[in-house]
Amino acid sequence: MQESIHRAVRDLLEAHDRAALSVPMIAAQAGVTPSTIYRRWGDLTTLLADAAIERLRPETPIDQGSLRQDLLSWSEIYLDEMSSAPGRALMRDVAASTSGCVGRCAAMVREQLQIMIDRATERGEASPTADDLIDAIVAPMIYRILYSEAAPTLERVHQWVNRCLG
């Protein structure tokens, strides 16, 4: 059932503006009652955030041979995805949701960073913790994407990576 509802969300977002979506519209597309959606997700924002998180589940970061190169590559992809219109909408939906979407997003980012840290450790490289990377790279990126007039430049993100790694 969850997959059919997520599919309905994806299909409707391709055909309609996000502001035009409603729980009854999604329910009709998925072949369920609106009460089914309200029981599971509580509100439209939480459903949209949940569907977006599932759709944007990241792949394993590519091994570029060093932690610095891994982080530069990963941060470029993250910046590109999150500064796009769908990425900004995802972040707003997640922030506004009342369910565990925020924790799931944070866990996905932490997992991605930990993969790169673990590879660095195997190569004998010193590395900061995942929390250090979140504080130094991810948090300022998200802040600037959501609250600045323009997303951070790639050069700025590279500065954060290089500053974090020393």
**Message:** Pull out all pairs, ordered by first then second residue, where Cβ-Cβ is under 7 Å, the residues are six or more apart or on different chains, the first lies in the stretch 15-33 and is closer than 10 Å to LEU44 by Cα, and the second is among the aromatic types (Phe, Trp, Tyr).
**Reply:** VAL23/TYR38
**Complete:** When every residue in the stretch 115-131 that is among the charged types (D, E, K, R) and more than 15 Å from PRO61 (Cα to Cα) is compared, the one surrounded by the most Cβ atoms within 10 Å (Cβ to Cβ) is GLU125
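Here is a yes/no grid of residues against (1) touching a residue at least 24 places away in the same chain (Cβ under 8 Å); (2) closer than 19 Å to ASP70 by Cα; (3) under 13 Å from the mean Cα position of the chain (by Cα):
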position: ARG88; (1), (2), (3): yes, no, yes
position: MET116; (1), (2), (3): yes, yes, no
position: ARG123; (1), (2), (3): yes, yes, no
position: PRO128; (1), (2), (3): yes, yes, no
position: LEU133; (1), (2), (3): yes, yes, no
position: GLU149; (1), (2), (3): no, no, no
position: GLN159; (1), (2), (3): no, yes, no
**Request:** Could you look through the stretch 48-60, keep only residues that are outside any loop (DSSP other than H, G, I, E, B) and either closer than 13 Å to ALA89 by Cβ or aromatic (Phe, Trp, Tyr) (or both), and pick out the one that is modelled with the highest pLDDT?
**Result:** LEU48
**Single unsatisfied condition, GLN2 versus (1) at pLDDT below 90; (2) within 13 Å of the chain's Cα centre (by Cα)** = (2)
**Asked** Quick one: would you say SER84 is surrounded by 17 or more Cβ atoms within 10 Å (Cβ to Cβ) and either in the same structural domain as TYR143 (by TED's automatic domain parsing) or free of Cβ contacts under 8 Å to residues at least 60 places away in the same chain (or both)?
**Response** no
**Request:** Look through THR121, THR153 and report the one residue that is of a type in the set (Val, Ile, Thr), more than 27 Å from ALA49 (Cα to Cα), modelled with pLDDT of 95 or more and not assigned by TED's automatic domain parsing to the domain that holds ARG18.
**Result:** THR121
**Fill in**
Scanning the stretch 96-114 for residues that are in contact (Cβ under 8 Å) with a residue 40 or more places away in the chain, in a helix (DSSP H, G or I) and closer than 27 Å to ASP17 by Cβ gives ALA96, CYS101, ARG104, CYS105, MET108
**Message:** Considering only the stretch 18-29, I want to know if a residue exists there that is at pLDDT below 90 and outside the structural domain of ASP93 (by TED's automatic domain parsing).
**Reply:** yes
**Message:** Criterion first (loosely packed, with under 14 Cβ neighbours inside 10 Å and of a type in the set (A, V, I, L, M)) does ALA95 satisfy it?
**Reply:** no
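The values are calculated or read from the model by the stated rules, or taken from the named source; none is laboratory data. Source: prediction; values computed, not measured. Cβ sites come from the backbone with ideal geometry, for glycine too, and all protein chains shown count toward neighbours.
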